[in-house]
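Report on the following structure.
The values are calculated or read from the model by the stated rules, or taken from the named source; none is laboratory data. In this text, all values refer to a predicted model and were calculated from it rather than measured experimentally. Please note: Cβ atoms are built from the backbone with ideal geometry, for glycine as well, and neighbour counts cover all protein chains shown. Remember, those area values only see protein heavy atoms, side chains included, never the ligands or the DNA or RNA. Shrake-Rupley method; radii C 1.70, N 1.55, O 1.52, S 1.80 Å.
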Amino acid sequence: MTTGFVLDPTACRATDNASPGPDAGVLAGKRIGFRVDRMWRAWDWISEQWADTFRAAGAEVSFWRSAGRSGTEGEQCEAEYAAFLKTIDVAVVGLANCGSCTGWTIRDAITAANAGLPTVAVATRNFEVFAHEMARRGGRSGLRVHVLPYPLNEQLREDVLAIGEAHFSGMLGTMGARLAAKELAA
Amino acid sequence: MTIELIRPGRHQETAEARPLVGRDCGPEGCEIDWLASERHEAGLDIEDFTAFAAAQGWGDGLPLVPPTESRVRRFLAENDRYPDEVVATLPGEIDCTIEKLVINAVMAGAPPHSLELLVAMVAAVADPDFELYGVNATTAPVYPAFVVNGPIRDELPVPYGYGCLGGVPGPAAAVGRALRLVMRNIAGQVAGVSSQTTFGSPGRVAGIVTGEWEEKSPWAPLAERRAGICGNAVTAFGTMGTQNVLDTTSHSARDFLEMVGKSAAYVGCNAFSGAVPFAEMLVALNPICAEIVGREMADIADVQECLWRFASVDAGELNLHHRAQLEAQGRVRGDGRVYATPEPKDMLVFVAGGLGGLHATCFHSFGTSLTQTRAIAQVA
């Protein structure tokens, strides 16, 4: 075999932040922001369900819906999201439930995490590995990702809400969060 | 809600190519090793190198030309670019330099005189409005299709007649493959890893690099109409694939455009997705059809308007859930129809293909990816 040297055709990002970012801590009194999208009704249902629980625990909740990401609409979208992040203390970002929507979910979660916010991205099982890969490629390999079952969006509302309820405490754990101070003391 | 119109982002102008190293000494006049890529020892026979590249995750499964230093330097020497120039920043904030582009072009078998075309192609897909981030990640089969205008079509050459979308011998396939390798090795589009494409596409191997048969077109060249560029230019369109339209019956412009428009408007295409607020569409008319259409419609805007009217669906015939999604987006219009694109101008048209006529090709876009046109620099 004739051997020699070849040049590497690949390029990769030079930097990585492996930190998961700060814990969300006690949520009572904090402003929690959900990033939702136009694709997944299941994520609308679960985020509304979790929002009710956050509100009952004394947190404020707001929502931001991702739309088209190109053209002037895309630029408005980016600006609105940046403004939204300034109004919240904790970001819950979803839903990573397809290829491009996992990409955008993780990108938006990284933006929140890089802004210093306690951040959790929410993915479905099929896209879990992909979500971590996108986080790595985005320079935040330690990004927190909470995983819901897959398929999800195809299920009936009552089944989706049961899943949301069952996953709430796990999601809190991923965020490093507690609902109230007394719960933390207990 | 109201219908969202397509307006390009304000960042539109392509950023100047950025050098990483000062230009106070040239490649021949200083001690810098201008080729900064890591060197790997490998077998240099095609078979050995292809196996090596596969193990490294560099290849597409087809034979690859080993990118030795001498081949890369020879490619660069036939052009007028510094290897450290950053052509574009690709998803993941990864810089695509001339050096990386050339290495991938060598591997693909692209000729040195294709470099400026490749530079323009990479710059086009890197524009934020092209949404390469989503193009890479998606479950869809999308890949960029490129339409080339100007004298470079004959100089390279890029086919614009018979078989122009694929299958014609010549460098276009290697140029397309070079772009695909850049997408894989730099932009990170690897199926099952950083791309979730469910089916992929044959277009993800060598893409589409076609010319427009400007001389047979009754209208101004695509790049001139889109970006005011007269001469060498390339237009990138993120396509889900090609859809053939056979028409053996039409005689008039309206009949041809009705056949094309109605054929393009199927409910499962990107343009009618409930998750997509707007889309574009690209249509290739063959020269015979274009001549007939052009006799009746000298203004391309009339062609686009006619296509647009037919590229629509009756909302009443949609699945209820699908219709509800489109209604929520405000896309069901007063006439009860949903149109493929927000406005007639979003139906893009070019002329290409063989003189046998009979067929048109429709290209459906991906998500809200917007078409990009870039000038191709002249080699000094």
**Item:** Residue within segment A:144-162 that is within 14 Å of chain B (Cβ to nearest Cβ), under 23 Å from residue A:16 (Cβ atoms) and outside any loop (DSSP other than H, G, I, E, B) present
**Value:** no
**Prompt:** Residue check, residue A:15 against (1) over 23 Å from residue A:142 (Cα atoms); (2) within 14 Å of chain B (Cβ to nearest Cβ); (3) of a type outside the set (A, V, I, L, M, F, W, C); (4) surrounded by fewer than 15 Cβ atoms within 10 Å (Cβ to Cβ), all met but one. Which one?
**Reply:** (1)
**Request:** Within segment A:103-112, track down each residue that is at pLDDT 95 or above, open to solvent by less than 10 Å² (accessible area, probe 1.4 Å) and either within 14 Å of another protein chain (Cβ to nearest Cβ) or within 13 Å of residue A:142 (Cα to Cα) (or both).
**Result:** A:105, A:106, A:108, A:109
**Message:** Looking for something away from chain A (no Cβ under 14 Å), closer than 20 Å to residue B:226 by Cβ and acidic (Asp, Glu) - is there at least one such residue anywhere in segment B:286-296?
**Reply:** no
**Item:** Complete set of residues in segment B:319-336 that are hydrophobic (A, V, I, L, M, F, W, C) and open to solvent by less than 20 Å² (accessible area, probe 1.4 Å)
**Value:** B:326
**Options B:161, B:228; residue that is free of Cβ contacts under 8 Å to residues at least 24 places away in the same chain, more than 30 Å from residue A:130 (Cα to Cα) and not hydroxyl-bearing (Ser, Thr, Tyr)** = B:228
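Here's the yes/no breakdown for (1) part of a strand (DSSP E or B); (2) touching a helix residue (DSSP H, G or I) at 6+ places or on another chain (Cβ under 9 Å); (3) surrounded by fewer than 22 Cβ atoms within 10 Å (Cβ to Cβ); (4) among the aromatic types (Phe, Trp, Tyr):
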position: B:201; (1), (2), (3), (4): no, no, yes, no
position: B:238; (1), (2), (3), (4): yes, yes, no, no
position: B:249; (1), (2), (3), (4): no, yes, yes, no
position: B:268; (1), (2), (3), (4): no, no, yes, no
position: B:283; (1), (2), (3), (4): yes, yes, no, no
**Prompt:** Looking at (1) over 14 Å from the mean Cα position of the chain (by Cα); (2) under 21 Å from residue A:147 (Cα atoms); (3) modelled with pLDDT of 95 or more, which is the one condition that is false for residue A:43?
**Reply:** (1)
**Asked** Of the residues in segment B:56-80, how many are more than 8 Å from chain A (Cβ to nearest Cβ) and within 18 Å of residue A:2 (Cα to Cα)?
**Response** 5
**Complete:** Residue hits (segment A:137-172; modelled with pLDDT of 95 or more, of a type in the set (Lys, Arg) and crowded, with 19+ Cβ neighbours inside 10 Å) are A:140, A:144
**Request:** Would you be able to say whether some residue in segment B:154-168 is at positive phi, surrounded by 17 or more Cβ atoms within 10 Å (Cβ to Cβ) and modelled with pLDDT of 95 or more?
**Result:** yes
**Prompt:** Out of A:61, A:90, which single residue is free of Cβ contacts under 8 Å to residues at least 40 places away in the same chain and closer than 19 Å to residue A:164 by Cα?
**Reply:** A:61
**Asked** If residue A:90 passes every condition in (1) within 14 Å of chain B (Cβ to nearest Cβ); (2) under 14 Å from the mean Cα position of the chain (by Cα); (3) of a type in the set (A, V, I, L, M, F, W, C) but one, which one does it miss?
**Response** (1)
**Asked** Given the residues B:318, B:355, which is the only one that is at pLDDT 95 or above, away from chain A (no Cβ under 14 Å) and within 24 Å of residue B:162 (Cα to Cα)?
**Response** B:355
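One line per residue, one yes/no per condition, for (1) under 30 Å from residue A:127 (Cα atoms); (2) modelled with pLDDT of 95 or more:
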position: B:193; (1), (2): yes, no
position: B:196; (1), (2): yes, no
position: B:213; (1), (2): no, yes
position: B:221; (1), (2): no, yes
position: B:228; (1), (2): no, yes
position: B:238; (1), (2): yes, yes
position: B:278; (1), (2): yes, no
position: B:291; (1), (2): no, yes
position: B:297; (1), (2): no, yes
